[in-house]
1. Of the listed values (i) 170; (ii) 228; (iii) 146, grab the one calculated as volume of the Cα convex hull per residue in Å³ from the structure here.
2. Express the C-alpha Rg of the stretch 112-255 as a ratio against the empirical globular expectation 2.2 N^0.38 Å, rounded to two decimals.
3. So, R0 is 35 Å and r is the distance between the beta-carbons of His133 and Glu249; what FRET efficiency does that work out to, to 0.05?
4. Classify the stretch 4-103: rounded, prolate or oblate, from the alpha-carbon gyration tensor (a ≥ b ≥ c, eigenvalue square roots; a/c under 1.5 rounded; otherwise prolate if a/b is larger than b/c)?
5. Taking a quarter of the surface of the Cα convex hull of the stretch 47-163, what do you get in nm²?
6. Expressed as an acute angle from 0 to 90° and rounded to the nearest 10, what is the orientation of the C-alpha long axis of helix 4-16 relative to the principal long axis of the chain?
7. Whenever you get a sec, compute what percent of the accessible area on the stretch 112-255 sits on carbon and sulfur atoms (1.4 Å probe).
8. Is the stretch 100-181 best put as rounded, prolate or oblate by its Cα gyration tensor, with a ≥ b ≥ c the root eigenvalues, rounded for a/c under 1.5, and otherwise prolate when a/b is larger than b/c, oblate when not?
Amino acid sequence: MASNEEIIQIATTFLLNAPPGEFLDVVSDVRTLLPSESLLNSTASSTFREYNTQQMHVANTSKGAQVLITKEGELNHNEYLDPKNKQIVTFDHIKQAVTNTRSIGSELDSDVEPYRSAVEEEAIRYCHEYYPHGNVAVYGSKVSEGYKVTICLASAQYNPSNFWNGKWRSVWTCTFKPNQGQVTLNAKIQINVHYYEDGNVQLNTVTEKSTTAPSGDAATTAANIIKAISKTELALHSSIDSSYTTMGETTFKALRRALPINRCKINWQKVRGFKIGSELSK
């Protein structure tokens, strides 16, 4: 029999792999499977925090602002940067709700801020054009290579009435020296789609990309960064579309048996005749 530690580990794995938009449903299902609800409660805080940050949960403040809850914007276990609205939000991971806000102080580097805000402006425009259901957050800091600007983009569509949910997440880390050389961009892009009408089909893909863009002043650097991101993500979209176009004739066809195991086609007319004869003989 599994120990409590093993049960907790298995339950946590189920929760962290819950499809987008279905986390609370999985929590409810896992709770019913456990011998004691206390096993789930003992790790709920850390598990919910890990899920919310890795999924880049979109939280709403009391003033109607939307905030991405991300690892990149995490100050401590429940405070998160919201540079776009110049605030820091306190987030309850269990209730999945913002409980408090305060103004940003020294958390924004004054030297990096012109570049961060310029990238944010371009990123918001890009998000609205290509990800109408998306949200974006842009963070900035100094590193040994110069400046680092991190772009977090999450776009989700939930349609449980038609048995599908999906989410796009991309994190772009851009390092550069102002007005010098090239911007180095490294990305981690994750796509999760779940279709569950009369079945259970999931697309889970993780892609890492690297590219460069010319540096310059804040406006020029920002425009070049978003141009490079747009080109890379468009190529990934096209690649996925191409894969699904050919999948019906390749992957799915390979999964089907062309003929029965005896390598003979079924004579359906004869089968129908056998059925009619059997019923008449009754």
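The values are calculated or read from the model by the stated rules, or taken from the named source; none is laboratory data. These figures come from a predicted structure and were not determined experimentally. Backbone-built Cβ (ideal geometry, glycine too); neighbour counts: all protein chains shown. The accessibility values were calculated without ligands, DNA or RNA, using every heavy atom of the protein model including side chains. Shrake-Rupley method; radii C 1.70, N 1.55, O 1.52, S 1.80 Å.
1. Answer by label: (ii).
2. Cα-based Rg divided by the globular estimate yields 1.21.
3. That gives a FRET efficiency of 0.65.
4. Prolate.
5. 8.6
6. Computed tilt is about 80 degrees.
7. For the stretch 112-255, the apolar C and S fraction of the accessible surface comes to 52 percent.
8. Taking the square roots of the gyration eigenvalues as a ≥ b ≥ c, the stretch 100-181 is prolate.
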